[in-house]
Each structure stands twice: as C-alpha cells, then as structure tokens.
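A.B. asks: First the structure, which I've put down as structure tokens, then a few questions once you've had a look.
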C-alpha cells in the first residue's frame with residue numbers, strides 16, 4: 001500500500017473544503033437540497049474522485065472505468081461539485097440547478113449528468129445494483145471496481161441487506177461500500193430513530209470485510225480504499241465515522257440541516273467558517 | 001388444452017435464446033423450479049444467478065448487470081414482482097432505463113392451488129402505469145416462446161406476463177408478432193371481442209357460440225398492453241360499434257381500462273369489460289373452474305357481448 005505524500009494529503013483536504021463550499025453555494029442558489037449529508041461526505045468524495053477512482057472525464061463511458069454509485073443520492077451537491085472539478089462538465093452548469101432546463105437533477109440521473117454511473121434517489125439500492133456491476137465485471141474479466149456510498153440511515157432498509165447478502169454469496173471482492181456514518185437522519189439521531197449498532201458485526205456476520213475510519217481524515221480514507229483492493233474473496237465495507245454538516249458550526253450534528261437550504265446570511269457565515277471568505 | 005404449460009414453453013425458449021445470445025443472463029428468486037428458468041440454469045450455470053427470496057434485490061442486481069453490458073431476464077412470481085419489487089422496477093429499470101426483461105410467471109390466477117396471496121390480478125395496472133415500460137401478455141405456450149427472442153432484441157424494459165398453466169391454444173403465426181400491434185384473429189361486423197392472455201382462447205370459443213346465435217363477432221388479440229394499439233382498436237370501434245374486453249386480471253387498470261381510455265378520447269363506443277370485478281379470488285381445485293368462478297367464463301364473454309349489442313342498438 002502506497003502512503004500518501006503530505007502534498008497529496010493537503011491537496012485532498014483542500015478539495016474537500018472546496019466541495020463543501022460548492023455544495024452550500026449550489027444548495028443556496030437553488031433554495032433546496034441536502035447540506036448535512038453533502039458536508040459529511042466531502043472527504044470521502046474528494047478521495048474517491050481525486051485519488052481512488054480510475055476514471056477518464058474525457059471518456060465517461062469508458063468500459064473499464066471504475067464505477068461509483070451515490071446510493072445516498074440526496075448528497076448530489078457534493079457529487080456534482082466533484083464531477084465538475086474533475087472535468088466532466090463546467091461548474092457553471094450548476095448555476096441554474098433547480099431550473100426546469102438545467103440538466104442536473106435534484107438526485108443524480110445517469111443520462112443527464114456526465115460521470116454518473118447509476119441513477120439514484122430513493123434509498124437502499126446502491127449495494128444491490130453494485131452487485132450486478134461487480135458480477136458483470138467478473139464475467140467480462142474486466143478489472144474495474146465498483147464503489148457504493150451509503151448513508152447510515154439507508155442501512156435501515158431491508159433492500160440494503162438483501163444486496164449485502166448477495167454480494168457476500170458471490171464473493172465480490174471487486175465491490176467496496178462506504179457508509180457515511182454521521183449518526184443523524186431526517187427525524188433525529190440514527191441511534192434513536194432505528195439503531196444500527198452493532199454495525200460492524202452486522203456487516204461481518206453477512207460475510208463482508210469491515211474497516212473503520214475517521215471519514216474526515218483523507219489519509220485514512222485513502223489508505224483503507226487502497227487496502228480494499230487487496231482483500232480477496234469478499235466485499236469490503238468501510239464504516240466512515242463522520243459529522244453531519246461537518247465544517248459549519250451551526251449545521252453540525254443537527255438533523256434540521258438534513259434537507260433545507262441556508263439563507264444568504266447563513267451561507268455567508270458558513271463561507272467564513274470554511275475559509276472561503278474573510279470577515280467583513 | 002395446449003400440449004405444454006406456458007411457463008414450460010418460456011423456460012425452453014429462454015434457454016434456446018441464451019444459446020444464441022451470449023449476453024443473456026437469467027436471475028431467479030428460489031423459484032427456478034417453478035418459473036422453469038432452471039432449464040436455462042442447467043445449460044448456462046455461469047450465466048444464472050439465484051438471489052434467494054428477494055425480488056427487489058433481484059431487480060436491482062439485474063439493473064447492475066444491464067449497466068455492465070449484459071441482457072438480464074429476471075424470473076419470479078408476478079404477484080411479488082409487480083408489488084414488492086415495483087419500486088425497484090420503477091426506479092432502477094424504468095427511470096434509469098436499464099435493459100431488463102421481467103418474466104413474471106404464475107400470473108393471473110394461474111397458481112390456482114395457492115390462493116389470493118399468489119394471484120397477480122393487478123400487475124398489468126401497476127406496470128402499465130410506469131413510463132418507459134412495455135407490457136406483453138402472450139395468449140398461449142407457442143406464442144410465449146415466440147416472444148422471447150423478440151423482447152430480447154428489443155432495447156428497453158419489458159414486463160412479460162406468463163401463465164403457470166396451459167391455456168387454450170390459439171396457435172396462430174399470422175399476422176406475425178410485433179410489439180405494440182394487436183392481431184385480428186377473426187373478422188366480424190356486429191361487435192368486437194378484444195382479449196389478452198389466457199382469455200384469447202376463451203374468446204375464440206365465445207365467438208363460435210355467438211356465431212351460432214347469428215352474431216358476427218370480430219376477435220382482436222391485444223398481446224401488447226403498452227404501447228397500446230389505439231389505431232386497431234378505434235378502427236374496430238368505428239366498424240363494429242360495440243366492444244367487449246376480456247382479461248385474466250382486475251377490471252381496474254388492465255386491458256379494459258386501456259380500451260376505455262382510448263375509446264373515450266378517440267371514438268366513444270359501448271364497452272363491456274370481462275375481468276375480475278375488484279375482489280380477491282379463492283383457491284381452486286383446477287384452473288378452468290376457478291377462472292369460471294372469477295367471472296372469466298366463456299358464458300360471461302357471451303353475456304357481455306349480448307349486453308353490449310343491446311346497448312349498441314339503443
């Protein structure tokens with residue numbers, strides 16, 4: 001496993017910071033969206049798109065590319081920021097996000113946003129769809145990997161565990177799931193709404209290799225994604241412990257920021273906290 | 001009765017098509033011995049996936065296989081596929097436009113021994129309402145087999161409704177099967193019987209009975225409920241002035257509803273619907289008697305024809 005250079009770590013941290021800024025600006029401009037879960041996933045998305053995924057923005061349909069499914073499709077803002085900054089389309093296309101003629105939808109649509117491998121939105125589908133992609137890779141003897149980013153709340157859905165069992169049955173070591181485990185969902189704390197613990201044991205009991213990381217530590221996230229490529233005979237899940245609304249003090253850990261847009265004043269304060277603008 | 005059950009003809013045809021098209025993969029949910037996808041599984045074990053009793057998961061896995069370049073046929077019971085897996089079908093097949101074929105077996109009341117939980121009498125309503133879905137209902141075993149390569153070569157989602165049982169054979173190769181095009185099986189001027197699936201064969205016999213009463217009934221087979229062949233229907237409405245629909249399905253949302261929608265907009269014409277009248281159906285000892293008890297008898301078709309003729313003459 002290669003170690004990330006200090007420069008690469010700095011670069012990924014800076015990308016994550018920018019993705020937070022992008023997400024909040026998109027959501028503010030549109031007047032709608034899901035800031036909490038976009039901010040919690042910023043480092044994970046930054047590491048995926050700027051370190052782990054083997055992709056070619058000039059050829060988004062490249063057959064051997066790694067696949068990524070944003071199963072928590074409501075975090076579309078952070079994905080759109082990453083795809084634009086990775087070169088799939090101009091960032092300015094998000095200026096009209098929410099307008100009827102904007103190609104980019106509230107939740108990712110594989111026909112409308114270049115670089116989106118699978119349409120998502122309603123929760124729970126990512127792992128099962130990922131199983132199909134991973135099986136296809138194996139049958140075609142292609143080397144691409146399939147990555148799925150899950151919200152913790154969607155791990156309450158039965159369909160998720162159907163996919164988890166299926167991935168283990170077929171020993172899909174080319175499939176990696178990451179859980180953005182921020183412990184906050186729409187109605188309140190995940191551990192109160194419907195407890196998931198013991199989460200690691202559940203995945204392990206279903207036949208998955210389990211890793212735990214601080215989901216805001218780009219070095220840890222990158223290392224464990226790399227490590228998963230060396231796990232053979234079983235899929236890997238990364239429980240990435242995160243903070244919902246990370247980086248903006250008044251959003252952190254609050255379920256009320258699951259699905260509302262910041263006001264102009266709130267955006268300004270958030271951009272100060274994120275180091276994007278200075279006071280005054 | 002036909003020589004073999006519709007599911008047997010389908011299972012054999014899927015295996016034969018799988019030999020020709022190496023992109024075909026089949027999935028099942030612990031029902032391969034019932035749907036007879038096990039014929040494909042035995043021939044191509046490396047292209048067959050048993051997902052266990054998890055229809056929603058099977059649909060999602062199939063969507064992923066389609067994204068990965070394969071041509072998946074998912075197999076299971078119509079009752080569960082069209083209800084429990086409906087959201088997966090809507091989101092991951094129709095909206096995401098993945099090229100997945102849904103082979104929905106044990107449809108209608110054909111699983112007569114198992115009762116209302118196992119009957120699929122609203123599946124056509126559920127699936128017909130989904131944007132982007134094609135809905136096909138074969139009339140007999142040979143037609144079911146003939147459809148397999150046609151829907152395989154068609155680029156897009158298809159719901160393919162298969163009976164567990166034998167149906168009365170219709171055995172017609174002419175006119176040829178074409179998605180979205182109804183077939184005229186018998187000419188007639190007094191009224192038109194429009195049937196789908198197992199009711200096509202029953203309507204053949206009903207038309208004979210009507211002829212013996214001096215009533216000249218046209219018979220159209222609508223194997224495709226979506227896209228719906230409005231042109232053929234409206235022509236029949238204009239030329240015969242009275243119609244009867246017949247389907248092994250609820251009268252809500254299926255063939256009769258599709259006809260009522262098209263007629264109301266295009267050529268308001270008296271219509272009588274033969275189907276299951278918004279109720280759950282009992283367990284039976286044999287399918288013929290159960291269908292009769294469900295309001296699907298040949299007598300019901302004849303009676304509906306007489307009623308609609310009386311309305312036409314007013």
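A.B. asks: If you average the sequence gap of Cα pairs under 8 Å that are 6 or more apart and divide by the length of the stretch B:6-161, what percent do you get for the contact order?
C.D. replies: Computed value for the stretch B:6-161: 25 percent relative contact order.
A.B. asks: So how tilted is helix B:55-67 from the main axis of chain B? Cα-based, degrees 0 to 90, rounded to 10.
C.D. replies: Helix B:55-67 and the main axis of chain B meet at about 70 degrees.
A.B. asks: Counting only other chains, and only Cβ atoms inside 10 Å, what mean value do you get across the residues of A:135-143?
C.D. replies: 4
A.B. asks: Follow-up question, since we're still on this one. Considering only A:255, A:217, A:230, give the residue with the highest GNM mean-square fluctuation for chain A, with springs between Cα atoms whenever their separation is below 10 Å.
C.D. replies: The residue that fluctuates most here is A:230.
A.B. asks: Right, next: Show me B:28-37, A:235-244, A:44-53, B:98-107 ranked by packing, highest mean number of other Cβ atoms within 10 Å first.
C.D. replies: Put in order of decreasing packing, that is B:98-107, A:235-244, A:44-53, B:28-37.
A.B. asks: Could you tell me the relative contact order of chain B? Use alpha-carbon pairs under 8 Å, at least six residues apart, and round to a whole percent. Write down the numbers at each step before the final one.
C.D. replies: Values: 729 pairs, mean separation 52.4, N = 314.
In percent, rounded to a whole number, it is 17.
A.B. asks: Out of the DSSP beta bridges found with both residues in the stretch B:6-161, what percent are antiparallel (nearest 5)?
C.D. replies: Working: 1 of 21 bridges.
Within the stretch B:6-161, antiparallel bridges account for around 5 percent of the total.
A.B. asks: Take the alpha carbon atoms of the stretch B:183-313, find their radius of gyration, then divide it by 2.2 N^0.38 Å using N residues; give the quotient. Please report the intermediate quantities before stating the final value.
C.D. replies: Working: Rg = 13.6 Å, N = 131, 2.2 N^0.38 = 14.0 Å.
Against the compact-globule rule of thumb, the ratio is 0.97.
A.B. asks: Give the separation of the Cα centroids, the stretch A:151-180 to the stretch B:241-314, in Å.
C.D. replies: When both Cα centres are located, 45 Å separates them.
A.B. asks: Eigenvalues of the Cα gyration tensor times 5, then square-rooted: what semi-axes does that give for the protein assembly as shown, in whole angstrom, largest first?
C.D. replies: In descending order, the three semi-axes are 52, 26, 20 Å.
A.B. asks: Same structure, new question: Classify the stretch B:6-161: rounded, prolate or oblate, from the alpha-carbon gyration tensor (a ≥ b ≥ c, eigenvalue square roots; a/c under 1.5 rounded; otherwise prolate if a/b is larger than b/c)?
C.D. replies: Judged from the Cα gyration tensor, the stretch B:6-161 comes out rounded (a/c under 1.5).
A.B. asks: What's the average, rounded to a whole number, of partner chain beta-carbon atoms within 10 Å of each residue's beta-carbon in A:206-214?
C.D. replies: The per-residue average across the peptide is 0.
A.B. asks: Still on this structure, please answer the following. Of B:112, B:280, B:73, which is the most mobile in a GNM of chain B whose springs link Cα atoms less than 10 angstrom apart?
C.D. replies: Between B:112, B:280, B:73, it is B:280 that shows the largest mean-square fluctuation.
A.B. asks: Considering only DSSP beta bridges whose two residues both sit in the stretch A:6-273, what percent are antiparallel, to the nearest 5?
C.D. replies: That works out to approximately 10 percent antiparallel.
A.B. asks: Taking the Cα centroid of the stretch B:6-38 and of the stretch A:1-59, what is the distance between the two, rounded to the nearest whole Å?
C.D. replies: 44
A.B. asks: What is the packing order of peptides B:133-143, B:229-239, taking the mean over residues of other C-beta atoms within 10 Å and listing the highest first?
C.D. replies: On the way: B:133-143: 26.1, B:229-239: 18.0.
Listed from highest to lowest mean packing, they are B:133-143, B:229-239.
A.B. asks: Where does each of A:159-169, A:187-197 land if you order them by average Cβ count within 10 Å, highest first?
C.D. replies: Result, highest mean Cβ count within 10 Å first: A:159-169, A:187-197.
A.B. asks: Rounded to the nearest 5, what is the percent of antiparallel bridges among the DSSP beta bridges in the protein assembly as shown? Each step should come with its number before you reach the end.
C.D. replies: Values: 8 of 64 bridges.
DSSP beta bridges in the protein assembly as shown are roughly 10 percent antiparallel.
A.B. asks: Turning to a different aspect of this structure: What does the structure give for B:49-58 when I average, per residue, the other chain Cβ atoms found within 10 Å of the residue Cβ?
C.D. replies: That average works out to 6.
A.B. asks: Relative to the first principal axis of the alpha-carbon coordinates of chain A, what is the inclination of helix A:158-169, with its axis defined by its Cα atoms, in degrees from 0 to 90 and to the nearest 10?
C.D. replies: The two axes meet at around 40 degrees.
A.B. asks: Could I ask something else about it? Pick from B:224, B:91, B:192: which is most flexible by mean-square fluctuation in a GNM of chain B where alpha carbon atoms under 10 Å apart are linked?
C.D. replies: B:91
A.B. asks: For chain B, take the longest principal axis of its alpha carbons; what is the angle in degrees between that and the long axis of helix B:141-153, to the nearest 10 within 0 to 90?
C.D. replies: Roughly 60 degrees, rounded to the nearest 10.
A.B. asks: How far apart, in nanometres, would the label points at residue B:312 and residue A:192 be if each is projected 7 angstrom from Cα along the Cα-to-Cβ direction?
C.D. replies: 6.8
Bear in mind these aren't lab numbers, they're just calculated from the coordinates by the rules spelled out. Given the structure is predicted, the values throughout are model-derived calculations rather than measurements. With ideal geometry, Cβ positions are generated from the backbone for all residues, glycine too; neighbour counts draw on all protein chains shown.
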